[in-house]
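A short write-up of the structure that comes next.
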Amino acid sequence: MKNLAQEVTNKINQIIEDQNLDGLIISDIYNIQYATGVKIPCAHAQTDLRIFAYIERNSAPIVIVPKCWENAASQYNYNAKIISYSLENDQTISGIEELLKQCASAKRLGSDDDISPIKIARLIRNAIAELGAEYVSCTDDLRKARSTKTKTEIKHLKSIAMKTDHAINGYFHHLIADRSKSSMSVSENLRIHSLERDIDLEGYNACSRGVIGNSISNIWAYAPKFGFAASDFTNVGDPIIADAMNNENGYWSNSTRIAIMSEEMSEDQQDAYGHLVTLRDLLCDALKVGRKCCEVYKDVISKAADLNISIIDGHALGFCVGASPMEGPFLSSGDQTILGDNMVFVLDGLIQHKVLRYRSRDTVLLAVDGVEVINCYKDWREPYFALNTI
Amino acid sequence: MSTMNDISLSTNEKNILNEKIEKKLSNEGYDGILVFGSSNLSYLSCGIIFPYMDQKLVQPVALYICFKTGKRLIACTNDLADIPLQLNWDGDVVIYELNQHSPESSIAASLKNHVTGKVAIDENYMSAAQLRELETSIDGLISLSGDQAFADLKMIKTEAEIRLLEISCRMGDRGFVSALNHSEGAALDTLSYPLWEYAERFRVHVGEYGGSGVGNMVVAQGDDCKDLYARCEPRAVLNEQGFVRLEYSLHNSGYWITGSRTVYLGESNQQAEIAWSNNQTLKNIALKKLRTGVKANEVYSAVLKASEESNIPFWQGADLGHGVGTSERELPYLAPYDDTELKAGMVIALGIYTYGPKEELICNKDVYLITDGEPKLLNWYKNWEDLYVLYGTSARHG
């Protein structure tokens, strides 16, 4: 078994042992991918077709999929046994019936159904009741397991974080201030420069988008063409905010960087970017193993206010990244999670300067001795400056 | 062709759709709706689309509409709050922050003083944790599953919805033709053409032709073509003579279609042509059954029968088609398990996976509107009845 599979399997087994389970039922697609390696590209979009995983202590996982996804599930998994259900009957019911067969002898079953749709959660709980087994909610156990990364997960996350930063910078390299670019062209090229660096081809989730000029007054500009942008063009001196979310080995990056279509910033841009840099420094200083997420949030908000940094009111300052592009815990006022060693956070720097909103996202690995920025192809104490002309 | 440029719902079209929704749900006894699923949110708001909701790339968003008071409300985090305004949302926007122990509890707390009465919820999307937090936060919340009512509403499209889907089809075909045009200049060139670029050319051109987003994107050649989906190795190139298939989905202003197009890389041969012709034969059988009054599973049975009689096997791992709308896959399903009666106004993606000479899965999926007469083809941009051969060399076409 490969390192990642072994490491994750150990964590799943630990949950089973700690909760004294006979088996663990997993129905959330990101949890299934985490625990078994099975990833179906359209599973979240074709919700009448359901996947379930069932894992017994120290046994290979069983993954139940509709017939049409059987081969795809077989290609990439952690030694899982793939069982498919046919087209004969209602697809969700067929999946549940197959699940019931697999855990028929269990007396105590864990499940993450809490984060699955109500309909699925109800079916799972009814199935467990029908078996006469005891139900144990394991949603938090899985969330906790996922939030602290293993050695191989960190390796993958570092790789894709750096590749994404490289891709953004690789595209920025083409910017010449007096050669106007449309936001659509920026968005396309961010994706292409990512794919050129061996990231996985992804449909839905892979987001690349460039927001330019005054359009940065909206965070999700160009609705509903979020990932395609529009036909507005840059002027000399405009800011470009580039988002890129990429996947490799099942793990995600989630990065945002700024370029200026000039060799220098305007005074406003200088103020705004300076605030982003300070905010990042404040966050990196505040992130300490053993602190609560909400304490970090309040600490940074307070210090930022003292420095007149105009943070967007109530905007969370970060989130974790892993098998999904955004996952808990969150650096927010309500999240009580205690920070731990080997958590990987995306710091979501966002500030308002006059009517514009400037954003920069750094990815950091939290360790006992501090944080390490892991998406720093270049040093982002300054934005990327385009050449004025060539 | 100017109507092909009306890529979103007009105010009048929104009103027509909204009236249809309110009438049905009010008649079924609901005071209002409270939904969290992206498909339901787009549909029931008549055109408000948030990014990457199903992928959980953003925090939860809720749509609440009260039919009795006329209150219309979207709850979202600050970073999303400008979207309803960009899309001319006529209701309120409640911004919530993550000030509770979880995103679910935070959004539930923000809805506390807004939601009343007997509301239809989307149990197919809303998480169990979300419902629990809503019940904790909102006194006297009465929630009932609205899933069947939502599905019934969505199945029969308004004229405007059909137009948006027709535009999606055109965008998809133009995107695919563009991918072909770019790759055929270099498909057999020594410089080669990456598989990812073939797919990416599709995505890029859908955007250039006005699309709002691309979903599924899988490209398969050679042995991988034997499976519905295969991972696209980052450095794989178009280099195996034979069938190449692209699976895709895309949307125009929240109206999704799915597609599957198969072409032949290199000079084709008689076996390939026969395989393609066989695929068309079974597809035409299905098409003849796409009539009002026919049940969805009867379409499947007709194809199965014809397959046995004509000795043209097809892959029975997947249905033969499904409805499309504000999600890429919805009722009815052309599968043994679905006895939904076909009705005029349904829009269905139809594609049958038959086998190539090396057991490759080949498919040519099109989208049809069910009418009182023959089904109307919405993917009319290019005729794909003949096998498309991807062939060409050059130093490098851009």
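The values are calculated or read from the model by the stated rules, or taken from the named source; none is laboratory data. Remember, predicted model here, so these are calculated numbers, not experimental data. We place every Cβ from the backbone using ideal geometry, glycine too, and count neighbours over all the protein chains shown.
Can you tell me which residue is nearest to B:Ala128 (Cα to Cα) among those in segment A:77-120 that are among the hydroxyl-bearing types (Ser, Thr, Tyr) and free of Cβ contacts under 8 Å to residues at least 60 places away in the same chain? Walk me through how you get there before you give the answer.
Just the residues of segment A:77-120 that are among the hydroxyl-bearing types (Ser, Thr, Tyr), to begin with: A:78, A:84-86, A:92, A:94, A:105, A:111, A:116.
When the remaining residues are screened for being free of Cβ contacts under 8 Å to residues at least 60 places away in the same chain, the result is A:84-86, A:92, A:94.
Working: A:Ser84: 26, A:Tyr85: 25, A:Ser86: 27, A:Thr92: 17, A:Ser94: 21 Å.
Going through the qualifying residues, I end up with A:Thr92.
Each row is one residue, and each column tells you yes or no for (1) among the basic types (Lys, Arg); (2) within 28 Å of the chain's Cα centre (by Cα); (3) farther than 18 Å from A:Asp28 by Cβ; (4) assigned to a helix (DSSP H, G or I).
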| residue | (1), (2), (3), (4) |
| --- | --- |
| A:Ser84 | no, no, yes, no |
| A:Ile93 | no, no, yes, yes |
| A:Gly110 | no, yes, no, no |
| A:Glu130 | no, no, yes, yes |
| A:Asp140 | no, yes, no, yes |
| A:Ala161 | no, yes, yes, yes |
| A:Asn169 | no, yes, yes, yes |
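Is it the case that segment B:364-378 has a residue that's within 14 Å of chain A (Cβ to nearest Cβ) and more than 18 Å from B:Ala149 (Cα to Cα)? Steps first, answer last, please.
Taking segment B:364-378 as the starting set, the residues that turn out to be within 14 Å of chain A (Cβ to nearest Cβ) are B:365.
With the extra rule that they be more than 18 Å from B:Ala149 (Cα to Cα), the set shrinks to B:365.
Yes, segment B:364-378 has at least one match.
Within segment A:197-223, restricting attention to residues that are of a type in the set (Gly, Ala, Ser) and within 7 Å of chain B (Cβ to nearest Cβ), the residue that is farthest from A:Ile160 (Cα to Cα) is A:Ala223. Taking segment B:120-141 as the range and being modelled with pLDDT under 95 and either more than 17 Å from B:Ser110 (Cα to Cα) or among the acidic types (Asp, Glu) (or both) as the test, only B:Asp139 passes. Identification of helices (runs of 4 or more DSSP H) wholly contained in segment B:1-116 with 3 or more residues that are farther than 30 Å from A:Gly322 by Cα, touching a residue at least 60 places away in the same chain (Cβ under 8 Å) and hydrophobic (A, V, I, L, M, F, W, C) yields B:11-27. From the list A:Asp200, A:Asp178, the lone residue that is among the charged types (D, E, K, R), within 27 Å of B:Ser249 (Cα to Cα) and in a loop (DSSP other than H, G, I, E, B) is A:Asp200. Taken over segment A:104-124, residues that are touching a strand residue (DSSP E or B) at 6+ places or on another chain (Cβ under 8 Å), more than 7 Å from every other protein chain (Cβ to nearest Cβ) and either surrounded by fewer than 22 Cβ atoms within 10 Å (Cβ to Cβ) or polar (S, T, N, Q) (or both) amount to 4.
When B:Arg235, B:Arg291 are screened for being charged (D, E, K, R), outside any strand (DSSP E or B), more than 9 Å from chain A (Cβ to nearest Cβ) and touching a residue at least 24 places away in the same chain (Cβ under 8 Å), only B:Arg291 passes. Kindly indicate whether any position in segment B:5-26 is in contact with a strand residue (DSSP E or B) (Cβ under 9 Å, 6 or more places away or on another chain) and more than 21 Å from B:Leu73 (Cβ to Cβ). So far as segment B:5-26 goes, yes, one or more of its residues are in contact with a strand residue (DSSP E or B) (Cβ under 9 Å, 6 or more places away or on another chain) and more than 21 Å from B:Leu73 (Cβ to Cβ).
Can you pull out the residues in segment A:1-37 that are in a loop (DSSP other than H, G, I, E, B) and not charged (D, E, K, R)?
Taking segment A:1-37 and keeping what is in a loop (DSSP other than H, G, I, E, B), we get A:1-2, A:19-22, A:27-28, A:37.
Correct list: A:Met1, A:Gln19, A:Asn20, A:Leu21, A:Ser27, A:Gly37.
Among the residues that make up segment A:224-240, is at least one of them within 10 Å of another protein chain (Cβ to nearest Cβ), of a type in the set (Gly, Ala, Ser), touching a residue at least 24 places away in the same chain (Cβ under 8 Å) and crowded, with 21+ Cβ neighbours inside 10 Å? Yes, segment A:224-240 contains at least one residue that is within 10 Å of another protein chain (Cβ to nearest Cβ), of a type in the set (Gly, Ala, Ser), touching a residue at least 24 places away in the same chain (Cβ under 8 Å) and crowded, with 21+ Cβ neighbours inside 10 Å. Taken over segment B:191-211, the criterion of being free of Cβ contacts under 8 Å to residues at least 60 places away in the same chain and at positive phi is satisfied by B:Ser192 alone. Screening B:Arg261, B:Arg201 for residues that are basic (Lys, Arg) and in a helix (DSSP H, G or I) leaves exactly one candidate, B:Arg201.
Yes or no, residue by residue, for (1) of a type in the set (Phe, Trp, Tyr); (2) surrounded by fewer than 21 Cβ atoms within 10 Å (Cβ to Cβ); (3) touching a strand residue (DSSP E or B) at 6+ places or on another chain (Cβ under 8 Å); (4) not assigned by TED's automatic domain parsing to the domain that holds B:Asn40:
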site	(1), (2), (3), (4)
B:Gln130	no, no, no, no
B:Gly140	no, yes, no, no
B:Glu161	no, no, yes, yes
B:Ser168	no, no, yes, yes
B:Gly172	no, no, yes, yes
B:Gly175	no, no, yes, yes
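Residues in segment B:336-375 that are in a strand (DSSP E or B), surrounded by 21 or more Cβ atoms within 10 Å (Cβ to Cβ) and of a type outside the set (D, E, K, R): B:Val347, B:Ile348, B:Ala349, B:Leu350, B:Thr354, B:Leu361, B:Ile362, B:Val367, B:Tyr368.
Could you run through segment B:26-45 and say how many residues are surrounded by 22 or more Cβ atoms within 10 Å (Cβ to Cβ) and either closer than 12 Å to B:Ala149 by Cα or among the hydrophobic types (A, V, I, L, M, F, W, C) (or both)?
We begin by selecting, within segment B:26-45, every residue surrounded by 22 or more Cβ atoms within 10 Å (Cβ to Cβ); these are B:30, B:32-45.
Next, only the ones that are either closer than 12 Å to B:Ala149 by Cα or among the hydrophobic types (A, V, I, L, M, F, W, C) (or both) stay: B:30, B:33-36, B:40-41, B:44.
Selection size over segment B:26-45: 8.
From the list B:Ala179, B:Ala160, which one is in contact with a His (Cβ under 7 Å, 6 or more places away or on another chain) and either of a type outside the set (D, E, K, R) or free of Cβ contacts under 8 Å to residues at least 40 places away in the same chain (or both)? Only one candidate qualifies: B:Ala179.
Please find, among B:Thr77, B:Thr11, the residue that is exposed (fewer than 15 other Cβ atoms within 10 Å of the Cβ) and either more than 30 Å from A:Tyr251 (Cα to Cα) or of a type outside the set (A, V, I, L, M, F, W, C) (or both). Let's see the steps before the verdict.
Numbers: B:Thr77 fails: exposed (fewer than 15 other Cβ atoms within 10 Å of the Cβ).
Going through B:Thr77, B:Thr11 in turn, the sole match is B:Thr11.
Got a number for residues in segment A:240-274 being under 25 Å from the mean Cα position of the chain (by Cα), not in a loop (DSSP other than H, G, I, E, B) and not β-branched (Val, Ile, Thr)?
Filtering segment A:240-274 down to residues under 25 Å from the mean Cα position of the chain (by Cα) leaves A:240-259, A:273.
Narrowing further to those that are not in a loop (DSSP other than H, G, I, E, B): A:240-244, A:247-248, A:251-252, A:255-259, A:273.
Subset that is not β-branched (Val, Ile, Thr): A:242-244, A:247-248, A:251-252, A:255, A:257, A:259, A:273.
Final tally of qualifying residues: 11.
The residue that is farthest from the chain's Cα centre (by Cα), among those in segment B:227-268 that are modelled with pLDDT of 95 or more and of a type in the set (D, E, K, R), is B:Arg245. Residue-level check: of (1) in contact (Cβ under 8 Å) with a residue 12 or more places away in the chain; (2) in a helix (DSSP H, G or I); (3) more than 10 Å from every other protein chain (Cβ to nearest Cβ), A:Lys144 misses just (1). Taking segment A:52-81 as the range and being part of a strand (DSSP E or B) and away from every other protein chain (no Cβ under 14 Å) as the test, the residues that pass are A:Phe52, A:Ala53, A:Tyr54, A:Ile55, A:Glu56, A:Ile62, A:Val63, A:Ile64, A:Lys81.
Among all positions in segment B:237-248, there is at least one residue which is in the same structural domain as B:Lys358 (by TED's automatic domain parsing), out of contact with any helix residue (DSSP H, G or I) (no Cβ under 7 Å at 6 or more places or on another chain) and over 27 Å from A:Asn246 (Cβ atoms). Is it the case that A:Gly132 is not acidic (Asp, Glu) and not assigned by TED's automatic domain parsing to the domain that holds A:Phe330? Yes. Just one of the numbered conditions (1) of a type outside the set (Val, Ile, Thr); (2) at the interface with chain A (Cβ under 8 Å from one of its Cβ atoms); (3) outside any loop (DSSP other than H, G, I, E, B) is not true of B:Glu123: (3).
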